[in-house]
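The values are calculated or read from the model by the stated rules, or taken from the named source; none is laboratory data. Every value quoted in this text rests on a predicted model; they were computed, and no experiment measured them. Using ideal geometry, Cβ is built from the backbone for each residue, glycine included, and neighbour counts are taken over all protein chains shown. Keep in mind that these areas ignore ligands, DNA and RNA; they rest on the heavy atoms of the full protein, side chains included. Shrake-Rupley method; radii C 1.70, N 1.55, O 1.52, S 1.80 Å.
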Amino acid sequence: MVKTLKEIYYSFPIQLLLLSFKRQQFLLIFWIFLTVIIVGKFGTRIGMPAVFLDPEYLGHVDYLSFAVVGIGFGAMFVTWNVVMYILHSYRYPFMASLRFPLGMFFINNSIIPLAFIISYFTAIVLFQVNNEFKGFAIIFFDLLGFSAGFAFMILITTVFFSLTNQNAGSIIAANKEKIRTKKAFRRVQFSDAMEPLYNNRVDYYVTNTLGVRHTRTVDNYDPKLYQLVFRRHHWNAFIAFVCAFAALIAAGFLLENPFFQFPIAASAFLFVSVLMSLFGMFLYWTGGWGSTAIIVFLVVANQLTKYDLFGLQNTVYGLNYKTEKAAYNLDRFRALSTDSIIEKDKVYVTQIFENWKAKNTDPKDPTKKPMLYFINVSGGGLRSGMFVMSVLQNCDSLAGGKLLDKTFLISGASGGMFATTYLRELFLQKKEGFPVNIRDRQYAFNVAKDLLNPLALSILSNDGLAPIHKFKLGNYTYAQDRGYIFEKFYCRNTSLRFDKTINDYKDAEFKAKIPMMIYYTTVMNDSRRFFISPQPVSFLMRPYGKNAEGNQLAIDGIDFCRFFEKQDGANLLVTSAMRMDATFPFILPNPVLPTSPSTYVMDGGVLDDAGVEPTFRFLQTFKDWINKNTSGVVVIEIRDDKKQDEPAEQLQTTMMSRFTDPLGTVYINMDRMQDFLIDQKLNYMDDELRGKLNFVLFEYTADKKKDEKAAMSMHLSQRDKNDIIKSLDRSNNVAAFNKLKILLHQ
């Protein structure tokens with residue numbers, strides 16, 4: 001038995017642990033990264049812990065889903081050990097004499113994985129108790145499922161390597177006749193480039209029965225013999241790597257099949273396995289230049305993506321990318337927003353206002369002017385989507401089912417538009433005679449259904465390698481990347497048609513059967529906005545008024561459908577318009593549009609996270625009609641966060657923070673700056689509307705500290721969903737509902 005500290009130091013597990021920190025920093029990064037994602041603040045903010053601690057498979061979180069995750073972790077565990085074995089087995093020649101050398105290596109190289117499992121299990125228990133409200137018996141079976149999946153993977157690996165790997169004794173037995181001659185091993189072909197043997201000191205190792213045994217000498221073996229043993233093991237390990245890589249690629253082909261929609265945790269572990277193997281090969285074949293080779297590979301791969309050699313550029317669906325590109329320049333912007341075009345569009349949209357007025361005029365009292373409603377919603381992933389849907393359902397109840405009849409325009413950013421797109425479609429279906437109960441709470445839970453799992457699986461098995469899958473829509477063919485997966489699964493969760501275009505809503509909007517809806521997205525090239533609507537909206541492109549064009553006031557918006565008329569802009573899918581408005585950083589891709597030069601777009605919330613800017617521009621443009629034909633304007637704003645917080649305390653600064661704080665402060669306070677500017681505009685607008693502007697604000701807030709709120713993510717836990725519903729009854733929102741109720745009865 002090992003008794004002294006010195007003996008412990010020279011035990012195989014400790015020597016392998018030290019070797020990991022000395023020479024395998026690149027491989028250790030993966031363990032550290034996963035730990036940070038699961039328990040770190042960054043991962044918590046984007047909801048990543050939930051997909052590791054509450055994995056969903058086939059619509060359930062249970063023994064089976066955890067077993068699939070266990071299989072994925074088993075693959076990573078095996079890969080970690082195999083890569084380490086390939087890189088460093090020559091340092092420990094005593095292993096060649098063992099009956100199962102690779103198995104012994106696995107056991108002795110398990111300190112880091114074991115520490116990870118302990119912390120992972122602890123995090124699972126805490127999350128399931130505090131967020132999913134599960135009992136310990138259920139949690140025990142979940143962990144048992146993980147353990148069973150892990151054990152299954154180890155069993156498969158053990159069988160494979162037991163059948164294929166050989167130790168020194170078995171090779172000697174197989175080559176008995178050759179060994180009898182003096183030139184026995186000369187008949188075996190060895191590479192002259194074979195690495196030299198290093199005999200790192202190891203006195204003890206842990207056996208497969210978890211006992212401790214003293215290492216045996218291998219001085220009686222020809223060094224080339226156990227080099228051959230290790231090389232054969234390396235080849236078999238490479239076969240295992242190919243199998244893992246093939247499994248990941250296959251999952252990409254079968255992504256739309258629910259059976260192959262593995263939990264993101266399992267896919268992440270499998271993806272890390274592939275990366276570990278890839279980095280391991282670099283380190284193995286380049287020797288001391290391994291780290292340099294990895295860095296060069298990453299730089300070169302990054303540069304190659306500029307030329308879209310692998311189909312990595314994301315597109316939006318419905319647009320024609322094969323025809324002549326639309327010129328993206330100032331001359332084109334000015335040509336699309338002349339006074340005559342704007343005036344023509346104003347006349348067109350005024351007719352929509354008239355149709356809205358006719359619908360909302362009380363036939364019993366035609367002299368009474370209706371109140372004009374606008375709905376603005378903020379971004380915030382599924383958190384915002386569920387909150388917006390829940391609030392609007394309650395508002396519709398207060399309005400006697402007439403809220404969307406009273407509403408002229410809906411606009412917003414990101415997650416909030418997940419809800420309004422769904423709600424407006426349900427409202428249209430109801431108008432067309434389908435049995436739809438707008439206030440059914442199930443619709444809010446449909447919006448909150450998981451999107452992160454399929455998105456992450458697409459990133460890992462398809463986008464992260466190369467989006468080789470294609471799909472056809474009408475006459476056009478597009479890459480089937482995570483943008484496609486997002487739209488498909490959003491439609492699946494909400495039972496909406498995937499192929500519905502923005503033009504399909506044009507007639508219903510014009511007749512004021514449903515509210516108009518403005519999607520918008522930010523152009524990364526120059527921070528302009530595309531305003532997406534089937535109706536002509538050139539008046540949103542620039543300030544309009546007496547001498548405005550002559551003063552060359554900035555054109556900061558673009559009428560999407562008019563701009564892309566030759567590229568079938570009106571044929572854009574509604575889900576693609578919504579996706580462009582919600583390019584959630586890292587999760588959803590930044591699409592490229594068919595322009596010259598190429599333009600890339602991102603989340604509309606970058607410039608207006610509350611969706612108020614389109615409302616302000618409509619009010620500014622049509623203020624005369626509004627003053628003449630309505631009794632006032634109600635702007636309903638629904639946000640997934642508090643609009644006004646107490647000023648943050650400035651902490652004692654360090655030398656480094658004095659350099660970084662100015663930029664960091666600007667970034668952190670960007671939403672506040674948007675609010676300050678928009679509130680000033682709305683105040684001026686209230687004057688022009690003769691004091692008839694009413695503002696109703698709904699905010700998702702938590703009872704206590706901010707960290708207890710639902711994560712801004714594409715995945716919500718049960719606790720998150722419960723808290724969002726509960727927030728409707730908090731004092732700030734109760735007051736907002738009461739204010740709206742009064743306005744509805746004026």
The local net charge around ASP499, scoring Lys/Arg +1 and Asp/Glu -1 for residues other than ASP499 whose Cβ lies under 14 Å from its Cβ, equals +1
As an exercise, take the mean of 1/r over every pair of distinct alpha carbons in the stretch 471-552, invert it, and state the Kirkwood radius in angstroms.
16.0 Å
Radius 12 Å from Cβ of ALA735, net charge of other residues (Lys, Arg +1; Asp, Glu -1)
+1
Run the simple label-point estimate for LEU28 and ASN437 please: 7 Å along Cα→C-beta, distance reported in nm.
5.9 nm
Pseudo-spin-label distance ASP504 to LEU155, built 7 Å along Cα→Cβ, given in nm, is 4.8 nm
Rounded to one decimal in nm, the spacing of the 7 Å Cα→Cβ label points at PHE140 and HIS469 is 4.0 nm
Ranked packing of 735-742, 430-437, most packed first, by mean Cβ within 10 Å
735-742, 430-437
Expressed per residue, the solvent accessible area of the stretch 466-538 in Å² (1.4 Å probe) is about 36 Å²
